[in-house]
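Reviewing the structure listed below.
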Amino acid sequence: MTINTTSPFSRILVAVDSSDYSMKAFEYAIQLTRAVNATAFVIHVVQNPAMTADTSVSVSELKTSFKNQGNKLLTSLSNIAEAKFGMKVETILEEGDPTKVILYTAKKFNINMIVIGSRGLSQIKELFLGSVSHSLIKHADIPVLVIK
């Protein structure tokens, strides 16, 4: 009997926001990616902002601000991956519903595994709607690794 020593995980997608759980998931995903000699993809999804009561800030301005913050986060994580782990990563910034966008991106880039933190920034929203990690586990047709 021959044992296959190649990893079934050649393309790993890690979903990030700026939460502590997300940062743990990022580091874990990069270490895993390096260990199995895979390609790492890092995605940040900007949700459409809700209407604001502050009339001095438009929804368009909020979206632009969120995208800028997302780009800064991805650039920072890319730099960390290279400096700390010697890894280059592909970064992806998208907007929309996080679960739908992450699943779409996984299909688009032929991802073998999704890595995500167990909780993100919107913990109050999770009480009513369920977490992104829970939704990914429920709907993904590839392995989802949730990091605590």
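Screening I43 against (1) part of a strand (DSSP E or B); (2) modelled with pLDDT under 95 leaves a single unmet condition, (2).
Among all positions in region 82-102, there is at least one residue which is under 15 Å from the mean Cα position of the chain (by Cα), under 18 Å from D141 (Cα atoms), of a type in the set (A, V, I, L, M) and modelled with pLDDT of 95 or more. List pairs: first residue in region 5-24 and closer than 19 Å to S76 by Cα, second residue polar (S, T, N, Q) and at pLDDT below 90 anywhere in the structure, Cβ distance under 8 angstrom, at least six positions apart or on different chains. Note: pairs meeting the criteria are Y21/S118. Looking only at residues in region 103-133 that are touching an Asp or Glu at 6+ places or on another chain (Cβ under 8 Å) and modelled with pLDDT under 90, which one is surrounded by the most Cβ atoms within 10 Å (Cβ to Cβ)? The selected residue is G120.
Go through region 28-46 and report how many residues are of a type outside the set (A, V, I, L, M, F, W, C) and buried (at least 17 other Cβ atoms within 10 Å of the Cβ). Show your work before the answer.
Start the filter on region 28-46 by keeping residues that are of a type outside the set (A, V, I, L, M, F, W, C), which leaves 28, 31, 33-34, 37, 39, 44.
After this cut, where a residue has to be buried (at least 17 other Cβ atoms within 10 Å of the Cβ) as well, the list is 33, 39, 44.
Final tally of qualifying residues: 3.
Among the residues making up region 87-96, those that are surrounded by fewer than 15 Cβ atoms within 10 Å (Cβ to Cβ) and over 15 Å from K72 (Cα atoms) are K88, G96.
On the stretch given as region 72-105, residues that are touching a Phe, Trp or Tyr at 6+ places or on another chain (Cβ under 7 Å) and farther than 13 Å from E27 by Cα total 2.
The values are calculated or read from the model by the stated rules, or taken from the named source; none is laboratory data. Everything numeric here is computed off the predicted structure, so don't read it as measured data. Heads up, the Cβs are rebuilt from the backbone with ideal geometry, glycines too, and the neighbour counts pull from every protein chain shown.
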